[in-house]
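Right, one structure below, let's go through it.
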């Protein structure tokens, strides 16, 4: 999207693109500006820090499998909300889920279900809707369509 992104979607690897695509799709449906980046917290921590600290995003979605450090690392770099999406890579995704939800005090990460980036996009939009009536209206229309 061309506007400054309200939501930053970050994954550590291009192999996670099918998951990030789901978040981007729902954000686009809701007309929420967003950006998708693939930056490894392990292989390129300096690039990740630069991206997180300079991003104008109000909410981050971090997609993570295996060690699942990305959401916590992003949360350690910002006070803005971070939503973690665990990925089913091994152990049915439970290892990723537990890594994301068991963050230490002071570094919270919200977490959605395994591979459920669509819910992460909706949750990010709900957070934005607190201060953006247009996003709230788009969410209302989306929910109305589910009936």
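List of remarks:
- Residue 131 within 17 Å of residue 21 (Cα to Cα), out of contact with any helix residue (DSSP H, G or I) (no Cβ under 7 Å at 6 or more places or on another chain) and surrounded by fewer than 18 Cβ atoms within 10 Å (Cβ to Cβ): no
- Residues that are part of a helix (DSSP H, G or I) and over 18 Å from residue 70 (Cβ atoms), drawn from the stretch 106-133: 118, 122, 125, 126, 127, 128, 129, 133
- Scanning the stretch 1-24 for residues being surrounded by fewer than 13 Cβ atoms within 10 Å (Cβ to Cβ) and over 23 Å from residue 73 (Cα atoms) gives a total of 2.
- With a requirement of 2 or more residues that are at pLDDT 95 or above and out of contact with any helix residue (DSSP H, G or I) (no Cβ under 8 Å at 6 or more places or on another chain), none of the strands (runs of 3 or more DSSP E) lying completely within the stretch 32-100 satisfies it.
- Condition check for residue 137: more than 15 Å from the chain's Cα centre (by Cα), in a helix (DSSP H, G or I) and modelled with pLDDT of 95 or more: yes
- Here the condition is being within 17 Å of residue 19 (Cα to Cα) and surrounded by fewer than 19 Cβ atoms within 10 Å (Cβ to Cβ); of 147, 47, 54, 90, it holds for 90 alone.
The values are calculated or read from the model by the stated rules, or taken from the named source; none is laboratory data. All figures in this text were calculated on a predicted structure; none of them were measured in a lab. Every residue, glycine among them, receives a Cβ derived from its backbone with ideal geometry; neighbour counts consider all protein chains shown.
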